[in-house]
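One structure below.
The values are calculated or read from the model by the stated rules, or taken from the named source; none is laboratory data. On a predicted model such as this, the values are computed, not experimentally measured, just so you know. Neighbour counts are summed over all protein chains in view; Cβ atoms, including those assigned to glycine, are modelled from backbone coordinates with ideal geometry. These accessible areas exclude ligands, DNA and RNA; they are computed on the full protein's heavy atoms, side chains included. Shrake-Rupley method; radii C 1.70, N 1.55, O 1.52, S 1.80 Å.
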Amino acid sequence: MTVNYLAFAIPAFFIFVYIEFKIAKQQKKAEIFKYESTVANFSVGIAERLLNLFIAASFYQLYQWVYTNYAIFNISTKWYVWILLLLATDFVWYWYHRLGHEINFLWAAHIVHHQSEEFNLSAAARITTIQAIFRNVFWCALPLIGFHPNMIITILLAHGAYSFFTHTQLGGKLGWLENIFITPSLHGVHHASDEKYLDKNYGDVFVFWDKLFGTFQKEEEAPKYGLTHPIKSYSFIWQHFHYYLEIAEAYRRADGFKAKWNAVFGSPALMDQNIRPILEERFYQNKTQHEAKPKPKFKIYLNSQLILVVTMLTGTTMFYEYLTLVHKVAISIFILVTLINIGALLEQRKWIYYLECFRLILVFGYIFYTFNLLGFLIFPVVILIALERTCSLRKLYMRHVFEYVKAH
């Protein structure tokens, strides 16, 4: 049995985040981590890794199709071509990344990466599957030029690994290297919401493109990270889709073709900033984020869910080719519902109890389906109802795993 060794990148990611956290504590910089934000970052990354399992192979197939049918040049695979390909990859990334900040519908996918107000390795996980799809469409330029798909996939893995390590505040400035490479300090500028730092340092590996196209900026004052208009939510769903709702609302309000076009393809800088507060109120996302600390039981419960989905994701990634479609779909639904659950816990949403019941019924449904006993699903439903009536299950749940305590 062969396994997908990329699965080991998942625990490796968490090990590196843990090492960064321990070093930050040693350097008395533990404030660069915030529990809720870090969990929210993990949740976004887990969803992206999960959903990409279903489509990652299609990326290679797309590159192969473009290369076979439309390659302009027949580029060799000699050693020096790898350097050219790395430069070409970073150049395509620069323009994908820049346009992702300058066009509304692309920014809707990329904004999730910038929502964290803490800048650490966990923030590197904030990539959505929609963003991954857009990014790979841009990278089709590489096989179109004539680079071999096998080389492209290898370079993209290295390219992605490099960018992971630029999401940290612990390295400081790196002197002359910042004249060649995007360093953590330079990428921190890109994640800043300060006016002088906006729309700067789009490169992923090299600074050449930013210097060439006038978007380079060194770190001067300490950056303030996050969005210029921060979202007020740790909700898994809201973080993913709030900007699409803003675009839809802007489109609905727009008068005339040009205004409607700008709502979708215009600059995010021109988006009406009055729209988001209205949508936050409409979708009950206008709660003030809690300055309280989670109770130990609450954190244990949430952390156990996080560990569970990470374990499931790692195992699913490792043995993906051996799972049936039913298993893949069932695992995916459970993980996604659990991620919504985690976000609702952080948000202290009172409806989470009903989501918990729904998740439990899903688990029983999957087990009964596996053993051809789906008709017996009514029994756990009846038991849940009986426990609610006799033991006030909802009150017990809210008391033990839901409440926060005030910070001192």
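If a residue has to be at negative phi, over 18 Å from the mean Cα position of the chain (by Cα) and of a type in the set (D, E, K, R) to count, how many in region 1-47 make the cut?
5
Could you check Tyr67 against (1) in contact (Cβ under 8 Å) with a residue 40 or more places away in the chain; (2) closer than 27 Å to His191 by Cβ; (3) crowded, with 17+ Cβ neighbours inside 10 Å and say which number it fails?
Of the numbered conditions (1) in contact (Cβ under 8 Å) with a residue 40 or more places away in the chain; (2) closer than 27 Å to His191 by Cβ; (3) crowded, with 17+ Cβ neighbours inside 10 Å, the odd one out for Tyr67 is (2).
Step by step: first the residues of region 220-249, then only those that are in contact (Cβ under 8 Å) with a residue 40 or more places away in the chain and of a type in the set (A, V, I, L, M, F, W, C), then the one that is surrounded by the most Cβ atoms within 10 Å (Cβ to Cβ). Which residue is that?
Among them, the one singled out is Phe236.
Please work out which residue is surrounded by the most Cβ atoms within 10 Å (Cβ to Cβ), limiting yourself to region 250-280 and to residues that are touching a residue at least 12 places away in the same chain (Cβ under 8 Å) and of a type in the set (Gly, Ala, Ser).
My answer is Ala263.
Could you say which residue among Phe379, Phe368, Phe364 is modelled with pLDDT of 85 or more and within 32 Å of the chain's Cα centre (by Cα)?
Phe364
Does region 34-53 contain any residue that is of a type in the set (A, V, I, L, M), in contact (Cβ under 8 Å) with a residue 60 or more places away in the chain, open to solvent by 20 Å² or more (accessible area, probe 1.4 Å) and assigned to a helix (DSSP H, G or I)?
Applying the first criterion (of a type in the set (A, V, I, L, M)) to region 34-53 yields 39-40, 44, 46-47, 50-51, 53.
Next, only the ones that are in contact (Cβ under 8 Å) with a residue 60 or more places away in the chain stay: 39-40, 44, 46-47, 50-51, 53.
After this cut, where a residue has to be open to solvent by 20 Å² or more (accessible area, probe 1.4 Å) as well, the list is 51, 53.
Right, trim to assigned to a helix (DSSP H, G or I) and you get 51, 53.
Within region 34-53, one or more residues are of a type in the set (A, V, I, L, M), in contact (Cβ under 8 Å) with a residue 60 or more places away in the chain, open to solvent by 20 Å² or more (accessible area, probe 1.4 Å) and assigned to a helix (DSSP H, G or I).
What are the residues in region 161-177 that are assigned to a helix (DSSP H, G or I) and closer than 23 Å to Ser116 by Cβ, if any?
If the condition is that a residue be assigned to a helix (DSSP H, G or I) and closer than 23 Å to Ser116 by Cβ, then Ala161, Tyr162, Ser163, Phe164 are the ones that fit.
Could you identify the single residue in Ile335, Ile307, Ile247 that is closer than 23 Å to Ala57 by Cβ and modelled with pLDDT of 95 or more?
Answer to the selection: Ile335.
Which condition number in (1) touching a residue at least 40 places away in the same chain (Cβ under 8 Å); (2) more than 21 Å from Arg135 (Cβ to Cβ); (3) buried (at least 22 other Cβ atoms within 10 Å of the Cβ) is the one that Ala192 fails?
The single condition Ala192 does not satisfy is (1).
Just wondering, is there one or more residues in region 207-214 that are among the charged types (D, E, K, R) and crowded, with 17+ Cβ neighbours inside 10 Å? Write out each step before concluding.
In the first step, residues of region 207-214 are kept if they are among the charged types (D, E, K, R); the result is 210-211.
With the extra rule that they be crowded, with 17+ Cβ neighbours inside 10 Å, the set shrinks to 210.
Yes - at least one qualifying residue is present in region 207-214.
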